[in-house]
Each structure stands twice: as structure tokens, then as C-alpha cells.
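Report on the following structure.
The values are calculated or read from the model by the stated rules, or taken from the named source; none is laboratory data. None of these values were measured; they are calculated from a predicted model. Using ideal geometry, Cβ is built from the backbone for each residue, glycine included, and neighbour counts are taken over all protein chains shown. What goes into the accessible areas is simple: the full protein's heavy atoms, side chains included, and nothing from ligands, DNA or RNA. Shrake-Rupley method; radii C 1.70, N 1.55, O 1.52, S 1.80 Å.
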Amino acid sequence: VQLQASGGGLVQAGGSLRLSCATSGRTVSSVVMSWFRQAAGKERQFVAIIGRTGSTYVTDSVRGRFTISRDNAKNTIYLQMNSLKPEDTAVYYCAAKWENARSYDFWGQGTQVTVSS
């Protein structure tokens with residue numbers, strides 16, 4: 001599975017961005033996919049997940065602001081980020097794993113999101 005993340009950029013606090021993660025090699029509905037982020041000097045943090053059935057979950061710190069979704073026809077998942085805060089600044093990565101796998105075996109290259117105050 002190959003993953004290509006895009007959509008990052010510089011935005012003011014309160015603004016919005018939509019990240020995309022295009023997949024190839026397998027369909028998005030055949031794997032579990034997630035978004036992670038890593039701020040400078042910090043550990044990588046889980047952000048959101050979408051299961052094979054389309055069920056979703058986002059971490060508490062972004063719930064109500066971020067939404068994960070999937071377009072099966074485009075083999076792409078998205079992370080819609082609204083009401084962005086400076087603390088959302090990080091490199092965002094998409095990742096994929098087989099449903100029963102313990103770890104994510106496939107990672108995109110990361111896309112930088114910078115939120116200015």
C-alpha cells in the first residue's frame with residue numbers, strides 16, 4: 001500500500017485546512033487508516049481513525065474540530081480541520097494497517113501544518 005499525503009500549509013488560528021491521503025496498491029476500504037501528527041520535539045500522536053466499515057473516531061483534543069472521512073471512488077481519505085489552533089501545528093501523517101494488525105505498516109510522507117496565532 002502506497003500513501004501520498006497532501007494539503008498542509010500555513011493558516012491563521014481559527015482557519016481550516018483539509019488534508020488528503022491518496023492510496024494505491026489497495027483500496028481504502030480494505031485497510032484501516034489513520035492520521036497521526038508529530039510536533040517538533042514531541043512524540044507522534046494519534047489523531048483520527050477510519051475503519052473498513054467507515055466507522056470513525058477522533059482523539060479528544062480535536063473532537064468537534066477535526067473530521068476524518070473517506071472517498072472510496074477516489075481511494076482517498078481526508079482530515080477536515082476546522083477552528084485550528086497554534087497547538088495543532090505539526091507534521092501530519094496518514095497511515096494504514098490490515099484490520100487485525102497491531103501496528104501500522106504503511107505510512108505516507110507527512111505534510112506540514114502550521115497554525116499562526
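Once the Cβ-Cβ distance of LEU10 and LYS42 is raised to the sixth power relative to R0 = 22 Å, the FRET efficiency obtained is 0.70. What you get for the chain, charging only the Cβ of Lys and Arg (+1) and of Asp and Glu (-1), is a dipole of about 120 debye around the Cα centre.
Can you give the net charge of the other residues whose Cβ lies under 11 Å from the Cβ of VAL28, counting K and R as +1 and D and E as -1? Let's see the in-between values first.
Numbers: positive: ARG26, ARG52, ARG70, LYS74; negative: ASP71.
Local charge sum for VAL28: +3.
3J(HN,Hα) along the range 79-85: 10, 7, 10, 10, 6, 5, 10 Hz, from the Karplus curve 6.51 cos²θ - 1.76 cosθ + 1.60 with θ = phi - 60°, whole Hz, x for Gly and Pro.
Between VAL47 and TRP35, PHE36, ARG37, the built amide H atoms are under 5 Å apart, and every one of these is 5 or more places off in sequence or on another chain.
A straight line joining the Cα centroids of the range 1-29 and the range 66-117 runs 6 Å. Listed by chain and number, the lysines whose C-alpha is less than 19 Å from the C-alpha of LYS85, apart from same-chain residues fewer than 8 away, are LYS42.
Shape of the chain from its Cα gyration tensor (a ≥ b ≥ c, root eigenvalues): rounded if a/c is under 1.5, otherwise prolate when a/b > b/c, or oblate?
Numbers: a/c = 1.75, a/b = 1.66, b/c = 1.05.
It is prolate, given that a/c is not under 1.5 and a/b is the larger ratio.
Rolling a 1.4 Å probe over the heavy atoms of the protein chains gives the range 10-75 an accessible area of 55 Å² per residue.
Taking each residue as 0.36 nm, the span from TYR57 to SER29 lengthens on full extension beyond its C-alpha to C-alpha distance by 8.5 nm.
Compute the signed sum of charges (Lys and Arg +1, Asp and Glu -1) over the other residues within less than 15 Å, Cβ to Cβ, of GLU43.
On the way: positive: ARG37, LYS42, ARG44; negative: GLU87.
Cβ neighbours under 15 Å give a net charge of +2.
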